[in-house]
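These notes concern the structure reproduced below.
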Amino acid sequence: MYKNLAGRAVLAWAAACFLTPAFSQPQASKEPLKIGFVYVTPVTDAGWVRQHEEGRKAVDAALGGKVSTTFVENVPEGTDAERVIRDLAQQGHRLIFTPSFGYMEPTLKVARDFPGVKFESITGYKTAPNVATANARYYEGRYLAGIAAGRMTRTNIAGYVAGFPIPEVLQGINAFTLGMRSVNPNAKVVVVWLNEWFDPPKERDAAMALFNQNADVIAFHTGSTAVMAAAQERGKLAVAYHSDMRKIAPDAQIVAVTHQWGGYYTERARAVLDGSWKSGNVWGGVKEGMIRVGDFGRKVPKAVQQEVLARQQDIAAGRLQPFRAVAADVRDNEGHVVIARGAQLNDAQILKMNWLVEGVQGRVGR
């Protein structure tokens, strides 16, 4: 009896396969692509993490039911990051974005154990077969913000609250100073190092100290809105970073340097979905739509707005390079020539930047 039933089952199965050949092939999975994001600070209304959260939402909007995204916020760099990234991989996430410089090594470590998972190390520089890196040319936006600051200052002193003395931060300080001095040769930039990415009380204290040193405009490279709030409180001017921060500083904000991740994140998710994802290194700026300057405050004259936007178009078209010495040598703040007249720094030199330009008061890391 059992033998006869088994035979009938085999015949039925064979007939079904003959009549409907598609059934003989493995069924394509209809499960959405699980994508994980790891954030170094809480998700706030504005700032570094907010821009990446907007990028995650853009992926959801563009790809709908093809993807399922999630995030883990407020994850410190180091061992905690490795644990969270590993958990996401173990939970079946096939694409994981890790947008913080200190996540680079934990990402690489986990990636070695999960070769079938794709990782995107944002602001990292080390790649692997399943680890790509991407960053934005923030310095292009900083140069443009410097032009606005140079036009708006009355004391000729700008403050700069900085996180860590890594090349990315040095690029921003130098580009801001060069932009400022391109329209105001007497301008100076005073830097305060925090050795923190996100510490609102320390950020606020640093801003207040700079205002007490006669700075009337301020920029920052940290993760919260504290510097903008301090400028609003003191009646000073400020350059927003990461996000438009006019809600926090409606009178203080002169311009915002924002980075846009939605396009890149969506493109990389599509590549995983269609099987075309490859490791690589992307460094995009104004031209690629990854950096944008705008969101001018109400105190900024139209002429200044138009000037900044015109220079933004020049950068997009390749007519203006922030680290090109046009009329004279560019020197560091110790008097050494760092860009000879007529020369331009290449990407390798920019990525290894370890000096502060003439006009900056302060030392690297001090």
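The values are calculated or read from the model by the stated rules, or taken from the named source; none is laboratory data. Remember, it's a predicted structure, so these values are computed and weren't measured experimentally. Ideal geometry is used to build each Cβ from the backbone, glycine not excepted, and the neighbour counts take in all protein chains shown. Keep in mind that these areas ignore ligands, DNA and RNA; they rest on the heavy atoms of the full protein, side chains included. Shrake-Rupley method; radii C 1.70, N 1.55, O 1.52, S 1.80 Å.
Looking across the range 297-325, the residues that are open to solvent by 30 Å² or more (accessible area, probe 1.4 Å), under 23 Å from residue 217 (Cβ atoms) and not in a helix (DSSP H, G or I) come down to 298, 299, 301, 320.
Would it be correct to say that residue 114 is within 22 Å of residue 352 (Cα to Cα) and of a type in the set (Phe, Trp, Tyr)? No, not satisfied.
Between 334, 288, which is among the acidic types (Asp, Glu), part of a loop (DSSP other than H, G, I, E, B) and over 24 Å from residue 184 (Cα atoms)?
Going through 334, 288 in turn, just one is among the acidic types (Asp, Glu), part of a loop (DSSP other than H, G, I, E, B) and over 24 Å from residue 184 (Cα atoms): 288.
Filtering the range 46-70 to residues that are in contact with a Lys or Arg (Cβ under 7 Å, 6 or more places away or on another chain) and closer than 29 Å to residue 246 by Cβ leaves only 69. Residue count for the range 162-192 satisfying the condition of being touching a strand residue (DSSP E or B) at 6+ places or on another chain (Cβ under 7 Å), at pLDDT below 95 and open to solvent by 40 Å² or more (accessible area, probe 1.4 Å): 1.
The number of residues in the range 193-206 that are open to solvent by 40 Å² or more (accessible area, probe 1.4 Å) and at pLDDT 95 or above comes to 4. Look at (1) touching a Lys or Arg at 6+ places or on another chain (Cβ under 9 Å); (2) assigned to a helix (DSSP H, G or I); (3) under 26 Å from residue 316 (Cα atoms) and you find that residue 168 fails only one, number (1). Filtering the range 255-262 for residues that are under 23 Å from the mean Cα position of the chain (by Cα), at pLDDT 95 or above, farther than 30 Å from residue 76 by Cβ and not basic (Lys, Arg) leaves a non-empty set. In the range 299-336, what count of residues is obtained for those that are under 17 Å from residue 139 (Cβ atoms), in contact (Cβ under 8 Å) with a residue 12 or more places away in the chain and among the acidic types (Asp, Glu)? Here the count works out to 1. Every listed requirement among (1) open to solvent by 10 Å² or more (accessible area, probe 1.4 Å); (2) farther than 20 Å from residue 263 by Cβ; (3) not charged (D, E, K, R) is met by residue 81 save one, (1). Here residue 142 clears all of (1) over 16 Å from residue 219 (Cβ atoms); (2) out of contact with any Leu (no Cβ under 8 Å at 6 or more places or on another chain) except the condition numbered (1).
Filter the range 221-244 down to the residues that are among the β-branched types (Val, Ile, Thr) and part of a loop (DSSP other than H, G, I, E, B), then identify the one that is most open to solvent (accessible area, probe 1.4 Å). Steps first, answer last, please.
Pass one, the range 221-244, residues among the β-branched types (Val, Ile, Thr): 222, 225, 227, 239.
After this cut, where a residue has to be part of a loop (DSSP other than H, G, I, E, B) as well, the list is 222, 225.
Numbers: 222: 3, 225: 37 Å².
My answer is 225.
Take the conditions (1) in contact with a Phe, Trp or Tyr (Cβ under 7 Å, 6 or more places away or on another chain); (2) open to solvent by 10 Å² or more (accessible area, probe 1.4 Å); (3) not small (Gly, Ala, Ser); residue 125 misses just one of them, which is (1). Given the structure, is residue 159 assigned to a helix (DSSP H, G or I) and either under 14 Å from the mean Cα position of the chain (by Cα) or crowded, with 21+ Cβ neighbours inside 10 Å (or both)? When the stated conditions are applied, residue 159 does not pass them. If you filter the range 45-76 down to residues that are in contact with an Asp or Glu (Cβ under 9 Å, 6 or more places away or on another chain) and in a loop (DSSP other than H, G, I, E, B), you find that the one that is most open to solvent (accessible area, probe 1.4 Å) is 73.
Going by the conditions given, is residue 65 on the phi > 0 side of the Ramachandran plot and among the small types (Gly, Ala, Ser)? Please lay out each step first, then the result.
Details: on the phi > 0 side of the Ramachandran plot: no; among the small types (Gly, Ala, Ser): yes.
Answer is no for this residue.
Taking each residue of the range 209-238 that is within 22 Å of residue 151 (Cα to Cα) and looking for partners that are acidic (Asp, Glu) and open to solvent by 40 Å² or more (accessible area, probe 1.4 Å) with beta-carbon atoms closer than 9 Å, six or more apart or interchain, yields 230/205; 231/251; 232/251; 235/251; 237/251.
Would you check which residues across the range 87-112 are in contact (Cβ under 8 Å) with a residue 60 or more places away in the chain and either open to solvent by less than 40 Å² (accessible area, probe 1.4 Å) or assigned to a helix (DSSP H, G or I) (or both) and list them?
To start, the set of residues in the range 87-112 that are in contact (Cβ under 8 Å) with a residue 60 or more places away in the chain comprises 94-103.
Scanning the range 87-112 gives 95, 96, 97, 98, 99, 100, 101, 102, 103.
Taken together, the residues in the range 113-122 that are surrounded by fewer than 24 Cβ atoms within 10 Å (Cβ to Cβ) and of a type in the set (Val, Ile, Thr) amount to 1.
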